[in-house]
Every structure is written in structure tokens, then in C-alpha cells.
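Colleague: I am attaching a structure below and will ask some questions about it afterwards.
The values are calculated or read from the model by the stated rules, or taken from the named source; none is laboratory data. Predicted, not measured: the structure shown is a model, and the values here were computed from it. Glycine also receives a Cβ, built like all others from the backbone with ideal geometry; neighbour counts cover every protein chain displayed. Only protein heavy atoms, including side chains, enter the accessible area calculation; ligands, DNA and RNA are left aside. Shrake-Rupley method; radii C 1.70, N 1.55, O 1.52, S 1.80 Å.
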Amino acid sequence: MEGVAMKLPSFKSLAPTAISVASTFSIRRSFSFARPSSSLSATITADSEPVSLGHRARKDFRILHQEVNGSKLVYLDSAATSQKPAAVLEALQNYYEFYNSNVHRGIHYLSAKATDEFELARKKVARFINASDCREIVFTRNATEAINLVAYSWGLSNLKPGDEVILTVAEHHSCIVPWQIVSQKTGAVLKFVTLNEDEVPDIDMLREMISEKTKLVAVHHVSNVLASSLPVEEIVVWAHDVGAKVLVDACQSVPHMVVDVQKLNADFLVASSHKMCGPTGIGFLYGKSDLLLAMPPFLGGGEMISDVFLDHSTYAEPPSRFEAGTPAIGEAIALGAACDYLSDIGMPKIHEYEVELANYLYEKLSSVPDVRIYGPRPSESVRRAALCSFNVEGLHPTDLATFLDQQHGVAIRSGHHCAQPLHRYLGVNASARASLYFYNTKEDVDSFIVALADTVSFFNSFK
């Protein structure tokens with residue numbers, strides 16, 4: 001593109017452009033959000049155009065109504081972290097303003113109120129994923145800690161030399177590294193399923209790999225790079241047939257679709273709050289009650305004990321056994337608010353809308369010359385998640401992401417997305433990734449495609 005001078009990235013925090021009272025009023029008028037109707041689109045006023053779920057939801061996310069580097073912000077990085085609606089921010093603020101206190105340890109009003117709201121949040125999470133008992137929900141710092149909890153508590157106690165743990169090459173680092181550490185300590189063997197010709201984990205290979213030696217299958221539900229999903233229900237059946245357990249990394253599925261842990265029947269499932277409209281610093285582990293009861297503590301200290309003597313201690317029942325120390329109280333309460341917010345919209349509606357967005361993103365991105373998108377092509381039988389990891393021939397993904405941000409206000413991610421083994425398998429060091437959520441619109445995709453075409457043109461002008 002002629003006449004465009006690329007600004008060097010400063011990597012400084014961007015102060016959001018203040019929204020005036022007038023503009024806020026205008027936003028609220030333009031994006032008024034009613035209880036979702038039965039269709040994906042509804043009219044705001046009699047003379048307005050039909051709008052999508054994304055249009056209606058945007059008014060709840062003030063952060064989206066700002067300019068970045070002189071351009072309207074287009075946020076396409078929700079696979080890394082989602083934005084937070086006003087209801088979630090209010091829940092967090094209310095805790096600190098009105099009933100901040102430690103939980104489970106006081107009889108005064110503030111402590112009782114904080115405890116009630118904290119435990120109510122646990123019930124909300126359990127209801128959100130249809131756990132049979134809220135005591136099957138363990139609050140953790142994030143999904144990574146939840147996987148480590150299973151690795152160290154269940155893994156060290158149950159794996160022995162020669163036992164096999166099956167994973168795929170498409171796993172997030174948080175579902176690989178803990179099992180590498182545990183396998184080194186126990187002598188267990190890690191086995192990896194590769195991709196098939198459609199660039200999804202080869203399910204036939206996985207099924208053949210399961211044997212009497214298999215003790216655990218640890219897999220993602222939805223890939224954060226390939227946008228593909230795995231048939232978890234079938235995998236669970238195959239694993240249970242040989243007595244193996246199944247751990248599901250659901251970080252990219254719980255925020256975007258109905259996840260029913262009783263239907264999946266997986267033994268463990270993990271997810272992160274910050275990817276599902278909740279705050280950072282908290283995630284959760286779902287574990288079947290009998291397994292949690294048999295597992296030793298992960299961390300020692302306050303809260304997780306029954307009695308402490310000088311020569312030994314006895315431990316609390318789950319979930320307290322795995323929640324040593326003061327928890328992230330406000331964050332848990334805000335996660336509960338996020339579950340309420342998503343449930344009020346309706347997870348089936350969110351998923352249906354995102355499938356529409358996913359197809360639109362794939363179609364538009366495929367039209368850009370020299371773009372290589374990773375993962376399966378959408379079809380009647382293949383529903384991609386609303387993300388695309390891609391590369392443009394001859395251009396580094398970080399250069400693309402930098403120019404898109406600095407010149408167009410478009411936020412995407414570049415790098416290996418905590419999936420280096422997968423990128424090596426694909427023959428690349430890194431990729432760019434655009435990822436959407438229900439608050440995105442087709443107009444966001446259009447803005448991204450126009451900006452990407454301009455970016456490619458700019459760099460190609462130097463060749």
C-alpha cells in the first residue's frame with residue numbers, strides 16, 4: 001500500500017479512549033440488549049436493520065467501544081482470553097466493596113455472606129456443566145493448575161513403570177508438560193496420536209492405541225489451533241473398556257457450547273474462567289466423586305485439613321482437600337456471574353451463532369491470496385470452532401499481527417499458541433490466529449479481512 005508508513009510497535013499499555021456520556025448513551029441506544037429471542041436475529045426498533053447476537057451483546061462489553069492506535073478496536077483474540085461483561089465486573093466489585101471477607105473461617109456477617117456467595121458460585125459452575133454434585137467442582141488458579149492437580153495427585157498415586165498415557169500432538173502445553181514430569185517420576189510412557197489428512201487428530205489411531213496398558217487418555221475437546229473437536233463420548237467408552245481414565249481439556253469448549261459432564265462421562269474435565277467471560281486467576285476441575293475421594297492432597301496448608309497434629313494431619317473431604325489456603329473469592333463469585341450471564345443468553349444459541357461466524361470467517365479468510373488455514377475445512381459434518389490459525393506465504397505471523405494492530409486496530413494473536421509440538425508437526429514455527437466469541441459480528445470479520453489484505457499488500461510492496 002502506497003503512502004503508508006508502518007509505526008514501530010511500542011508494546012506499551014494502551015489507555016482506552018474515554019467514552020463520553022453522550023457516546024455511552026448512543027451505544028446503549030444502538031445496542032440495546034433484550035432477553036434473547038428464539039431466533040438468532042431480532043430488531044431493535046421498527047426502522048432498524050435486523051442485528052445478530054453479536055450486535056445485541058456488544059453493549060455489555062464497554063472495552064469493545066474504543067479506538068486503538070487511531071482505529072476502532074476489532075478484538076479477535078478471544079481464544080486467548082475473552083472480554084468481561086458489565087455483570088461480571090459488577091459482581092467482582094460488589095464483593096470487594098460490600099462483603100469482602102475470608103470464607104469458611106468466620107461467624108460474622110461479612111464472612112458468612114462471602115462464604116454463601118463463594119459456595120453459590122460452585123453450585124453455578126456445577127449446574128453450568130451439569131455435574132451431579134457441586135462437590136465435584138474444585139476451584140483452581142486456572143486450567144493449568146487443574147491439570148497439574150490431577151497429574152500430581154492422581155498420576156503419582158496410580159501410574160507405574162510401563163503404564164501408558166495417551167495424548168495427541170495437538171494438545172496445549174498445559175496438557176503435555178505435567179504428564180512429561182509425572183512420567184519421568186513414575187516410569188509411565190507417553191504416546192501421541194498424530195493428525196490425519198484433514199489435519200485433525202487421527203481418531204482411528206487413537207482407538208488402536210488404547211490397550212490394557214493404557215491408564216489415562218488426556219485430550220482436548222476443541223483445539224485452540226485447528227478449530228477441530230474430538231468425539232469425547234466415544235473416546236471415553238473406548239478408554240473405560242480397558243479400565244483407563246479420561247481427562248478432557250475443555251478450555252475451548254465450555255465457553256462456546258453446551259458441555260454436559262454426565263453425558264460425556266469423562267473422569268476429569270478442566271476449564272478456565274477467563275475464557276468464558278469470567279475473571280483471570282481462577283479455573284476449575286471437575287472430577288468424579290469417587291476419584292476425588294481417593295486422591296491425596298495436591299497442596300498442604302490451611303483449609304484443606306480436618307485435624308493437624310505435630311506428627312500427622314488428617315484431610316478434609318473434597319473439594320476442600322484440594323483448595324489449600326485462601327481462595328480467589330471474588331474471582332469465584334465473578335465466575336458464577338459469568339455462568340449466569342452465558343446461561344441467560346443460552347449456550348445452544350451461542351454455539352449456533354458461533355458456527356455461523358466460524359463458517360463466515362473461514363470463507364472470507366480463504367479468499368485472501370496465499371493464505372494457508374490450518375485444520376479441517378467446514379462442511380455439513382464438520383463444524384469448526386470460531387477461530388482460524390493461518391499463515392500468509394512469505395510473511396511472518398508476528399509481522400502480520402503487529403501491522404494489523406498498529407495500522408488497523410485489529411487484535412489477533414501470533415506465535416505457537418502454547419502448541420509447539422503441533423506447529424512442528426505442521427512444519428511451521430508459528431502461526432497467526434483470529435478467534436471470535438459471541439460478541440463478535442460479521443462486520444468484525446469484514447474489517448479484519450480488509451485490514452489483512454492491506455497488510456499483505458504493504459509487505460509485498462517490499463519484495
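Colleague: Between a first residue in the stretch 398-421 that is modelled with pLDDT of 95 or more and a second residue that is open to solvent by 50 Å² or more (accessible area, probe 1.4 Å) and part of a helix (DSSP H, G or I), which pairs have beta carbons less than 6 Å apart while being 6 or more apart in sequence or on different chains?
Modeller: Within 6 Å, the pairs are S414/T398.
Colleague: Pick out, from the stretch 223-320, the strands (runs of 3 or more DSSP E) lying fully within it that include 3 or more residues that are modelled with pLDDT of 95 or more and open to solvent by less than 20 Å² (accessible area, probe 1.4 Å). Write out each step before concluding.
Modeller: On the way: elements: 245-249, 268-272, 283-287, 305-308, 313-315.
Fully inside the stretch 223-320 and qualifying: 245-249, 268-272, 283-287.
Colleague: Additional query: Answer yes or no as to whether E380 is over 21 Å from P231 (Cα atoms), without any contact (Cβ under 8 Å) to a residue 24 or more places away in the chain and surrounded by fewer than 17 Cβ atoms within 10 Å (Cβ to Cβ).
Modeller: Working: over 21 Å from P231 (Cα atoms): no; without any contact (Cβ under 8 Å) to a residue 24 or more places away in the chain: yes; surrounded by fewer than 17 Cβ atoms within 10 Å (Cβ to Cβ): yes.
Against the criterion (over 21 Å from P231 (Cα atoms), without any contact (Cβ under 8 Å) to a residue 24 or more places away in the chain and surrounded by fewer than 17 Cβ atoms within 10 Å (Cβ to Cβ)), E380 does not qualify.
Colleague: Sticking with this structure for a sec: Which number in (1) open to solvent by 50 Å² or more (accessible area, probe 1.4 Å); (2) in a helix (DSSP H, G or I) marks the one condition that L365 misses?
Modeller: The number of the failed condition is (1).
Colleague: Taking the condition open to solvent by less than 10 Å² (accessible area, probe 1.4 Å), assigned to a helix (DSSP H, G or I) and farther than 30 Å from V450 by Cα, does L335 pass?
Modeller: On the way: open to solvent by less than 10 Å² (accessible area, probe 1.4 Å): yes; assigned to a helix (DSSP H, G or I): yes; farther than 30 Å from V450 by Cα: yes.
The answer is yes for L335.
Colleague: Okay, next question. How many of the residues making up the stretch 321-332 are under 30 Å from Y437 (Cα atoms) and either among the acidic types (D, E) or open to solvent by less than 20 Å² (accessible area, probe 1.4 Å) (or both)?
Modeller: From the stretch 321-332, those under 30 Å from Y437 (Cα atoms) are 327-332; that's our starting set.
With the extra rule that they be either among the acidic types (D, E) or open to solvent by less than 20 Å² (accessible area, probe 1.4 Å) (or both), the set shrinks to 329-332.
Count: 4.
Colleague: If you don't mind, there's one more thing I want to ask. Please specify each residue of the stretch 178-222 satisfying the condition of being more than 11 Å from L167 (Cα to Cα), in contact (Cβ under 8 Å) with a residue 60 or more places away in the chain and either of a type in the set (S, T, N, Q) or open to solvent by less than 40 Å² (accessible area, probe 1.4 Å) (or both).
Modeller: L195, E199, V200, V222
Colleague: Follow-up question, since we're still on this one. Going through the stretch 159-177 one residue at a time, which ones are more than 17 Å from H417 (Cα to Cα) and buried (at least 17 other Cβ atoms within 10 Å of the Cβ)?
Modeller: Applying the first criterion (more than 17 Å from H417 (Cα to Cα)) to the stretch 159-177 yields 159-167.
Listed by number, the residues that qualify are L159, D163, E164, V165, I166, L167.
Colleague: For the condition farther than 30 Å from R377 by Cα and in contact with a Gly (Cβ under 9 Å, 6 or more places away or on another chain), what is the one hit in V182, V225, V242, V200?
Modeller: Working: V225 fails: farther than 30 Å from R377 by Cα; V242 fails: in contact with a Gly (Cβ under 9 Å, 6 or more places away or on another chain); V200 fails: farther than 30 Å from R377 by Cα.
Residue meeting the stated conditions: V182.
Colleague: So if I check each of Y360, Y374, Y353, which one is within 17 Å of G54 (Cβ to Cβ), open to solvent by less than 30 Å² (accessible area, probe 1.4 Å) and aromatic (F, W, Y)?
Modeller: Details: Y360 fails: open to solvent by less than 30 Å² (accessible area, probe 1.4 Å); Y374 fails: within 17 Å of G54 (Cβ to Cβ).
Just one listed residue meets the conditions, Y353.
Colleague: Something else about it: List pairs: first residue in the stretch 110-136 and aromatic (F, W, Y), second residue open to solvent by less than 50 Å² (accessible area, probe 1.4 Å) anywhere in the structure, Cβ distance under 8 angstrom, at least six positions apart or on different chains.
Modeller: F118/V103; F118/P327; F118/I329; F118/A332; F118/I333; F128/V254; F128/C339; F128/L342
Colleague: I235 fails exactly one of the following numbered conditions: (1) farther than 16 Å from L159 by Cα; (2) in contact with a Ser or Thr (Cβ under 8 Å, 6 or more places away or on another chain); (3) among the aliphatic types (A, V, I, L, M). What is the number of that condition?
Modeller: (2)
Colleague: Looking only at the stretch 126-145, count every residue that is within 16 Å of P327 (Cα to Cα), touching a helix residue (DSSP H, G or I) at 6+ places or on another chain (Cβ under 7 Å) and open to solvent by less than 40 Å² (accessible area, probe 1.4 Å) and tell me the total.
Modeller: Number satisfying all stated conditions: 5.
Colleague: On the basis of being under 27 Å from S435 (Cβ atoms) and either at pLDDT below 95 or buried (at least 22 other Cβ atoms within 10 Å of the Cβ) (or both), does S71 make the cut? Steps first, please.
Modeller: On the way: under 27 Å from S435 (Cβ atoms): yes; either at pLDDT below 95 or buried (at least 22 other Cβ atoms within 10 Å of the Cβ) (or both): no.
No.
Colleague: Does the stretch 332-386 hold any residues that are under 20 Å from the mean Cα position of the chain (by Cα) and of a type in the set (D, E), and which are they?
Modeller: Selection gives D340, D344, E352, E354, E356.
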